[in-house]
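The values are calculated or read from the model by the stated rules, or taken from the named source; none is laboratory data. Everything numeric here is computed off the predicted structure, so don't read it as measured data. All Cβ positions, even for glycine, are placed from backbone atoms using ideal geometry, and neighbour counts span all protein chains on display. Note: areas computed on protein heavy atoms with side chains; ligands, DNA, RNA excluded. Shrake-Rupley method; radii C 1.70, N 1.55, O 1.52, S 1.80 Å.
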Amino acid sequence: RLFRLIRLLKLARYNTAADRFYRAFSLAREEIILLLITMMIILYVAGVGIYYFEHDAQPEAFASIFHGLWWAVSTLTTVGYGDVYPITIGGKVFTFVILVLGLGVIAIPAGLFASALSRAKEDDLMQKEIK
């Protein structure tokens, strides 16, 4: 147990980086919250939309809006599992739009957080220069 405690204390050297990470999140918090709300709205619209496009063609795959929501989550966060996919032209076009939106939903918060991390690092460097 003593060795585990000593090993845990070695993590203290990363305290500055953890503090910078926290400050970066604080800098971008409002934008990230807004994007999470937008993501939830996009998920809901995608689930309902695919249900209406594909329910008649695939009633077993898209039996309810909740099945459509599962499809939306797997499509927006990955490229889908391949277990459920659209077969109608409208569903395929809708899927293309949702995939493009999904790329933006992932890329925008990553860019925001990266710029906030850069800003936090610059602040650290400026404070070191002042001292």
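Net charge dipole, the chain: roughly 1140 debye, given to the nearest 20, about the Cα centre with Cβ charges of +1 for Lys and Arg and -1 for Asp and Glu. Length gained on full extension, S74 to E60, computed as 0.36 nm times the residue gap minus the Cα-Cα distance: 3.3 nm. Toward the positive end of the charge dipole of the chain, with +1 on the Cβ of Lys and Arg and -1 on the Cβ of Asp and Glu, the farthest Cα among V105, G82, I50 is that of V105.
Residue by residue, segment 60-77 carries 3J(HN,Hα) couplings of 7, 7, 10, 6, 8, 5, 5, 5, x, 5, 4, 4, 5, 5, 5, 7, 6, 8 Hz when phi is fed to the Karplus relation 6.51 cos²θ - 1.76 cosθ + 1.60 (θ = phi - 60°); x denotes Gly or Pro.
Enumerate the residues in segment 17-56 having an amide nitrogen under 12 Å from the point lying 7 Å beyond the Cα of Q127 toward its Cβ. Answer for this model: 17-24.
Whole-Å semi-axes of the chain's equivalent ellipsoid, largest first, each the root of 5 times a Cα gyration tensor eigenvalue?
Working: eigenvalues 376, 74, 22 Å².
Largest first, the chain gives 43, 19, 11 Å.
Evaluating 6.51 cos²θ - 1.76 cosθ + 1.60 at θ = phi - 60° for every residue in segment 95-105, the Karplus couplings come out as 4, 4, 4, 5, 5, 5, 4, x, 4, x, 5 Hz, glycine and proline recorded as x.
Might you tell me the accessible area per residue for the chain, computed with a 1.4 Å probe and given in Å²? Before the final figure, lay out the partial values.
Numbers: 9620 Å² over 131 residues.
Here the residues of the chain average 73 Å² of exposed surface.
Here the accessible area of segment 1-104 is 70 percent carbon and sulfur, with a 1.4 angstrom probe and all protein chains present.
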